[in-house]
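Accompanying notes for the structure given below.
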Amino acid sequence: MTVINAAALFEKRRNRRIPYSRYVFFATRRQFFEGELKDYSKYGLFIKSPVLLPVGEIITVALPYSETEKEKRKGTVVWRNIEGFGVELFRDPAKRMARKDFL
């Protein structure tokens, strides 16, 4: 008998999520915030935060897990719930932001 995980059938992610628990800073065009990064993948993040940004909001996130010191990436809020929100990171290198973009 084969047991199928129903959640796996509906999983849209192509990249494995990596559990993580560390504070992260993120910003909209108007304000800076702090939240807790709960997991990440190559192109996505889950940020636990009392601040529930609207779906479609573009944010910049300082990535604490990055091998490059102080790497920042842009992304879009693609879903939210009472715990926090999911961010899809931009894949286009022209839309990425490095530390020098903030100096």
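The values are calculated or read from the model by the stated rules, or taken from the named source; none is laboratory data. This structure is a prediction, so every number in the text was calculated from the model and none was measured. Glycine also receives a Cβ, built like all others from the backbone with ideal geometry; neighbour counts cover every protein chain displayed.
Quick one: would you say Glu71 is acidic (Asp, Glu) and under 14 Å from Phe25 (Cα atoms)? Yes.
So that you can scan it fast, the table gives a plain yes or no per residue for (1) in contact with a helix residue (DSSP H, G or I) (Cβ under 6 Å, 6 or more places away or on another chain); (2) modelled with pLDDT of 90 or more; (3) in a strand (DSSP E or B):
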residue: Ile4; (1), (2), (3): no, no, no
residue: Tyr20; (1), (2), (3): no, no, yes
residue: Arg29; (1), (2), (3): no, yes, no
residue: Phe33; (1), (2), (3): no, yes, yes
residue: Glu36; (1), (2), (3): no, yes, yes
residue: Asp39; (1), (2), (3): no, yes, yes
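Tell me, which residue of the range 41-81 that is small (Gly, Ala, Ser), assigned to a loop (DSSP other than H, G, I, E, B) and touching a residue at least 12 places away in the same chain (Cβ under 8 Å) is surrounded by the most Cβ atoms within 10 Å (Cβ to Cβ)? Looking at residues that are small (Gly, Ala, Ser), assigned to a loop (DSSP other than H, G, I, E, B) and touching a residue at least 12 places away in the same chain (Cβ under 8 Å), I get Ser49.
If the condition is being surrounded by 14 or more Cβ atoms within 10 Å (Cβ to Cβ), over 16 Å from Glu88 (Cβ atoms) and among the hydrophobic types (A, V, I, L, M, F, W, C), then the range 11-40 contributes Phe25, Ala27, Phe33.
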